[in-house]
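K.L.:
Take this structure, written in structure tokens, and hold onto it; I'll ask about it next.
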Amino acid sequence: MDLGEPLSRRLDGLTGWRADWAGLRVAVLGLGATGFAAADTLAELGCEVLVVAGGPDPDRERILEVLGVRFRLEEDRAAVPEELLDPPPELAIVSPGYRPDHPILLELERRGVPIWGDIELAWRVRDKIEAAEWILVTGTNGKTTTTRLTGHLLRAAGLRAAEVGNIGVPVLDAVRRPEGFDALVVELSSYQLHRLPLTGPGALHPVAAVCLNVADDHLDWHGSRSAYEAAKGRVYANARVAAVYNRADPATIRMVEAADVEEGCRAIGFDLGVPGPSELGVIDGVVVDRAFLEDRHHRALELTTLPELAAAGLDSPHLVADVLAAAALARAAGVPAEAVHDALPTFRVDPHRTEPVATADGVAWVDDSKATNPHAADAALRSRPSVVWIVGGLLKGVDIGGLVEAHAGRLRAAVVIGADRAPVLAALARHAPGVAVLEVMPGEDVDVMPEAVRLAAGVARPGDTVLLSPAAASMDQFADYADRGRRFADAVREHVADRLGGAGDDDAPPAAPHGP
């Protein structure tokens, strides 16, 4: 079915809040934060909106009813709701949770219905209050820290800035905020980037963009590593001032080399080594900028020092890399070097990212629940010499074998949790056969984290770190990674309190390990 040239011309013309959106039939797929924000925005624009979602949300459904938005629950995930096709929508807005092979998306594509993501919609209506500059951040790991840090640096320079997107605040909510913003730092997942057009009226034109790194993740959603990498690379399209890349990651170099950016946009590299011209890096413990100054071939601007970063808790290698990336983005947006230096000491890293929970009996307990893939877990494991590793969850099609092999020598033991336990157990058996492996078996009467903490405490020795760094997503047993981290911290504190009160686990029977 061809929806026709007049509709195509109309959609091409929808490039501002005051364009003719009235009466447009739009289907919104998903009723999470982004889907709800899309439905709310479209209703405010005067569109006829139908929301289709895989699960109920009574509170949001009641609000949709007040807004005049229809709601349809997907009762059969394999079928397309008839209400969605009779008549078909003129436009669909899809939430990131809908995989490209979802039956609804396949049917809409077959019928020629244009499909946008919430990011494209937000870009088109960004001028409701005032059109802020956009700075884009993606990468397998470090996105949230870099996004938050970039916003922090922008605000330190006096700009009205907000961190939005995959970080948890829908961009559509931000562009409608009555106070307006000078800049939006937009964290983008590969799911969101997958839907972004590279050209045309819906294409983004950010002031700067970065892909921090690329490692295997979300392969079940994208289908292959190459498709995942291609989605990440879309972040650089049409960048105007700076395309920031990681010199230590060949994939990001390839992306920048292939990117179609605007005339005058510069490629700005960063890594932990000595920087060349148009790069940021580290010289003798000093973090420097050799990109955003006139005489970059002969001089460098000092941004901070490694001791200063250590005092702020930003001294681990992956965090120093995030600092360099955020500084590059902020400098591209005009933030002075002095403002970067003065703002860094007041920044605090996200909870659940290598966050110390407690130390008792010579054992450190660390919450790295935000490590939802092997690449993220690698950074936490690498910095600790002797680890009792709590690992597992939803692997998202990623092979964990390389991670186990790289760190087998530092593992005291592994405590395996989560739905995808079989590949984790197989990787441990193959690459760490001398490591004791304990397993939290699923069951209605099993409280995962207290049991994992109990097992870990039984094998930990003074000098060890019990590290929750699951290398997997959390939604099999927890609401999200934050819920997983909170439950771990609560269980650790209860364990430590029991130890201090003399009511520890000494009398509990030891778990039978899989290995020695």
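The values are calculated or read from the model by the stated rules, or taken from the named source; none is laboratory data. If you're wondering where the values come from, they're calculated on a predicted model, not measured in any experiment. FYI the Cβ positions are ideal-geometry reconstructions off the backbone, even for glycines, and counts take in every protein chain you see. All accessible areas refer to the heavy atoms of the entire protein, side chains included, with ligands and DNA or RNA removed. Shrake-Rupley method; radii C 1.70, N 1.55, O 1.52, S 1.80 Å.
K.L.:
Please state the Cα pair-distance histogram of segment 380-486 with 5 angstrom bins from zero: what percent is in each bin?
P.N.:
2, 13, 25, 27, 21, 10, 2, 0
K.L.:
Under unit Cβ charges (Lys, Arg +1; Asp, Glu -1), what dipole magnitude, rounded to 20 debye, does the chain have relative to its Cα centre?
P.N.:
Working: 50 positive and 76 negative charges, 182 e Å.
Here the chain has a charge dipole of around 880 debye.
K.L.:
Could you give the spread of the C-alpha atoms of segment 47-164 along their three principal axes, from largest to smallest, in whole angstroms?
P.N.:
Result for segment 47-164: principal-axis Cα extents of 53, 34, 28 Å.
K.L.:
Please give the solvent-accessible surface of M475 in Å², to the nearest 10, using a probe radius of 1.4 Å with every protein chain present.
P.N.:
Rounded to the nearest 10, that gives 120 Å².
K.L.:
Here is a follow-up. I'd like the accessible area for T199, computed on protein heavy atoms only with a 1.4 Å probe and all protein chains in place. Round to 10 Å², please.
P.N.:
Roll a 1.4 Å probe over it and T199 shows about 100 Å².
K.L.:
Sort V256, V235, V169 from largest to smallest accessible area, using a 1.4 Å probe on the heavy atoms of the protein chains.
P.N.:
Values: V256 25, V235 0, V169 65 Å².
Accessible-area ranking of V256, V235, V169, largest first: V169, V256, V235.
K.L.:
So what does S316 come to for accessible area, using a 1.4 Å probe and Å² rounded to 10?
P.N.:
Approximately 30 Å² of S316 is accessible to the 1.4 Å probe.
K.L.:
Report, to the nearest whole %, how much of the accessible area of segment 58-212 belongs to carbon and sulfur atoms, 1.4 Å probe, protein only. Don't skip to the end; give the middle numbers.
P.N.:
Numbers: 2910 of 5850 Å².
Here it works out to 50 percent.
K.L.:
How long are the three semi-axes of the equivalent ellipsoid of segment 379-425, in whole Å, if each is the root of 5 times an eigenvalue of the C-alpha gyration tensor, listed from largest down?
P.N.:
Values: eigenvalues 69, 26, 15 Å².
One finds semi-axes of 19, 11, 9 Å for segment 379-425.
K.L.:
Averaged across orientations, what area in nm² does the convex hull of the alpha carbons in segment 250-351 project?
P.N.:
Working: hull surface 29.0 nm².
The number I arrive at for segment 250-351 is 7.2 nm².
K.L.:
Related question: In segment 76-157, which trypsin sites (Lys or Arg not before Pro) are in a loop and have at most 10 other Cβ atoms within 10 Å, using DSSP for the loop call? Write down the numbers at each step before the final one.
P.N.:
Details: sites: R77, R110, R111, R124, R126, K128, K143, R148, R155; in loops: R77, R111, R126, K128.
Answer by residue number: R77.
K.L.:
Starting from segment 291-331, pick out the GluC sites (Glu not before Pro) whose DSSP state is loop and whose Cβ has at most 11 other Cβ atoms within 10 Å.
P.N.:
The qualifying sites are E294.
K.L.:
Give the span of segment 99-184's Cα atoms along each principal axis, as three whole-Å numbers ordered largest to smallest.
P.N.:
49, 32, 15
K.L.:
What 222 nm value per residue comes from the helices of the chain, counting each DSSP H run with n ≥ 4 as -39,500 (n - 2.57) and dividing by all residues, nearest 500 deg cm²/dmol?
P.N.:
Numbers: 20 runs with 184 residues, N = 516.
Helices in the chain give a 222 nm mean residue ellipticity of -10000 deg cm²/dmol.
K.L.:
Before anything else, pin down the relative contact order of the chain: Cα pairs under 8 Å, at least 6 apart, normalised by residue count, whole percent.
P.N.:
On the way: 1073 pairs, mean separation 53.6, N = 516.
Reported as a whole number, the value is 10 percent.
K.L.:
If you average 1/r across every pair of different Cα atoms in segment 124-225 and take the reciprocal, what Kirkwood value do you get, in Å? Could you put the intermediate results ahead of the total?
P.N.:
Values: mean 1/r = 0.0699 Å⁻¹.
Mean inverse Cα-Cα distance, inverted, gives 14.3 Å.
K.L.:
Could you work out what % of the accessible surface of segment 260-411 is carbon and sulfur, using a 1.4 angstrom probe and leaving DNA, RNA and ligands out of the count?
P.N.:
C and S atoms contribute 52 percent here.
K.L.:
Considering only protein heavy atoms, what per residue accessible area in square angstrom results for the chain with a 1.4 angstrom probe? List each step's numbers first, then the result.
P.N.:
Values: 21010 Å² over 516 residues.
Normalised by residue count, the accessible surface of the chain is 41 Å².
K.L.:
As a test of understanding, state the convex hull volume per residue of segment 418-474 from its alpha carbons, in Å³. Let's see the in-between values first.
P.N.:
Values: hull volume 5.6 nm³, N = 57.
With only Cα atoms used, segment 418-474 gives 99 Å³ per residue.
K.L.:
Taking loop as defined by DSSP and a crowding limit of 13 other beta carbons within 10 Å, which GluC sites (Glu not before Pro) in segment 98-195 fit?
P.N.:
Values: sites: E107, E109, E120, E130, E133, E163, E179, E187; in loops: E130, E179.
In loop regions of segment 98-195 (DSSP not H, G, I, E or B), the sparsely surrounded GluC sites (Glu not before Pro) are E130, E179.
K.L.:
Related question: Charges only on Cβ, +1 for Lys and Arg, -1 for Asp and Glu: so what's the dipole of segment 448-491 about the Cα centre, in debye to the nearest 20?
P.N.:
Values: 5 positive and 6 negative charges, 30 e Å.
Dipole about the Cα centre, nearest 20: 140 debye.
K.L.:
Using just the alpha carbons, could you tell me how many Å³ per residue the convex hull of segment 177-270 encloses? Walk me through the numbers on the way to the answer.
P.N.:
Values: hull volume 10.8 nm³, N = 94.
Looking at segment 177-270, the number lands at 114 Å³ per residue.
K.L.:
What does the convex hull of the Cα atoms come to per residue for the chain, in Å³? Don't skip to the answer; put the middle values down first.
P.N.:
Values: hull volume 83.9 nm³, N = 516.
With only Cα atoms used, the chain gives 163 Å³ per residue.
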